[in-house]
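First comes the structure, then the notes that go with it.
The values are calculated or read from the model by the stated rules, or taken from the named source; none is laboratory data. Predicted model only: the values in this text are computed from it and were never measured. Cβ: placed from backbone, ideal geometry, glycine included. Neighbour counts: every protein chain shown.
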Amino acid sequence: MAGKSKKDKMAREVGIFMQQYQRKAQRHTEPNDRGYDRKLEDRLKRLPPEELSDLLSGEGRDDE
């Protein structure tokens, strides 16, 4: 079960990362006002393509 919780945590982190990455800059504010997690980016780069695809699409998660 420890692997499952790690996978769920990674899925949540990826979801937050993608929300921040996709968000458009607010008008009349600092364009670089959002955080960016370089460590998460590095972990995503090392994932196998199939696993990254599953994380981004939400597949393989059991919503109980």
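Some notes on this structure:
- In a residue-by-residue description of segment 52-62, the property of being modelled with pLDDT under 70, surrounded by 13 or more Cβ atoms within 10 Å (Cβ to Cβ) and in a loop (DSSP other than H, G, I, E, B) applies to at least one position.
- Tabulated pairs, segment 38-54, first farther than 13 Å from residue 17 by Cα, second among the aromatic types (Phe, Trp, Tyr), C-beta under 9 angstrom, 6+ apart or interchain: none
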